[in-house]
Amino acid sequence: VSGDKIRIGPDARIAGRVEYRSGSDVIVDPQAQVTGGVMEAERERRWLRKVGHGAAVVGGITVSLGMVLIGALLIFAMPRFSREAAGTVEGKPLQSLGMGCVMLIGVPISIVVLLITIIGIPLALLLGFGYALLLLLGYLVGAIFLGDFVLGKIGAAKLDSGWWRVLFMFLALIALAIVKQVPFLGGLAVFLVFLAGIGAFTMRTWRGFRQ
């Protein structure tokens, strides 16, 4: 038998062995009679599931810490850039969302076109790496925006402190992770922040190149 929760009741009379697959131990009533005993089939699968779950948790924590470190580097190494990129989300929200859509959809299309041409494969690989970096930095810019926005409401003078900004960016990342768990609306809200962050980062970077 296979199931999420398995129970062998008191009236069970089984002239043989019961093999089961489940995410938890089977419940056997003391009055049940199972001649051949009860054993879990392929028990190693549960062990692998636990290992996989543990690896996922460790991986998630590692990625989260990595994002915090990259965000802190962005704030401390480029304080003006990070302030202005985050400010773009607040000052030009619709433009940030629009540019975010363009970059989110347009860059993958460009990569596919370059791959088709064969000659453009090296450029496509480089663009793919840049795209992955853009997604990461865009999400961080969205978190920095939320952190700076709340920090500015608490005390505008604290925006001059990199440590305060890093702390509130960290809190914003936690808040985004929690909000994301809300069905549909939570995911939509996080996606909009992510999209605006991509757009704001792109707009600020382009403005820097022009200058």
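The table that follows gives values for the structure above.
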quantity	calculated
Rh (Kirkwood; distinct C-alpha pairs) - the chain, Å	21.0
Between 0 and 90°, nearest 10: helix 162-179 axis offset from the chain longest Cα axis	40
Table column - 3J(HN,Hα) (Hz), the range 54-62, Karplus curve with 6.51, -1.76, 1.60, x for Gly and Pro	x, 5, 5, 5, 4, x, x, 5, 4
Built amide H within the under 5 Å cut-off of Ile6, gap 5+	Ile27
Residues whose placed amide H lies under 5 Å from that of Ala12, excluding near-sequence neighbours	Gln33
Carbon + sulfur, % of accessible area of the range 1-41 - ligands and nucleic acids excluded, 1.4 Å	48
Carbon + sulfur, % of accessible area of the range 56-109 - ligands and nucleic acids excluded, 1.4 Å	79
Cα long-axis angle, helix 185-210 against the chain (0 to 90 degrees, to the nearest 10)	30
D_trans [Stokes-Einstein, Kirkwood Rh over alpha-carbon pairs] for the range 99-181, 37 °C, 0.692 mPa s, µm² s⁻¹	221
Cα centroid of the range 108-137 to Cα centroid of the range 176-206, whole Å	22
Segment Val113-Leu167, length gained on full extension (0.36 nm per residue, minus Cα span)	15.3 nm
Where the range 16-153 is the region considered: accessible area per residue in Å², 1.4 Å probe	61
Options Ser22, Met203, Leu185, ranked by Cα towards positive dipole end of the chain, top entry (Cβ charges)	Met203
Accessible area of the range 119-211 belonging to carbon and sulfur atoms, whole % at 1.4 Å probe	78
Ordering of 74-85, 195-206, 102-113, 55-66 by burial proxy (mean other Cβ atoms within 10 Å per residue, highest first)	195-206, 74-85, 102-113, 55-66
Dipole in debye (nearest 20) - the chain, about Cα centre, beta carbon charges: Lys, Arg +1; Asp, Glu -1	380
On Cα atoms only, tilt of 121-154 relative to the major axis of the chain in degrees	80
Positive-end extreme of charge dipole, the range 14-154 - chosen from Leu69, Thr88, Ile111 (charges on Cβ)	Thr88
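The values are calculated or read from the model by the stated rules, or taken from the named source; none is laboratory data. Everything numeric here is computed off the predicted structure, so don't read it as measured data. Reconstructed Cβ throughout: ideal geometry from the backbone, glycine too, with neighbour counts over all protein chains shown. These accessible areas exclude ligands, DNA and RNA; they are computed on the full protein's heavy atoms, side chains included. Shrake-Rupley method; radii C 1.70, N 1.55, O 1.52, S 1.80 Å.
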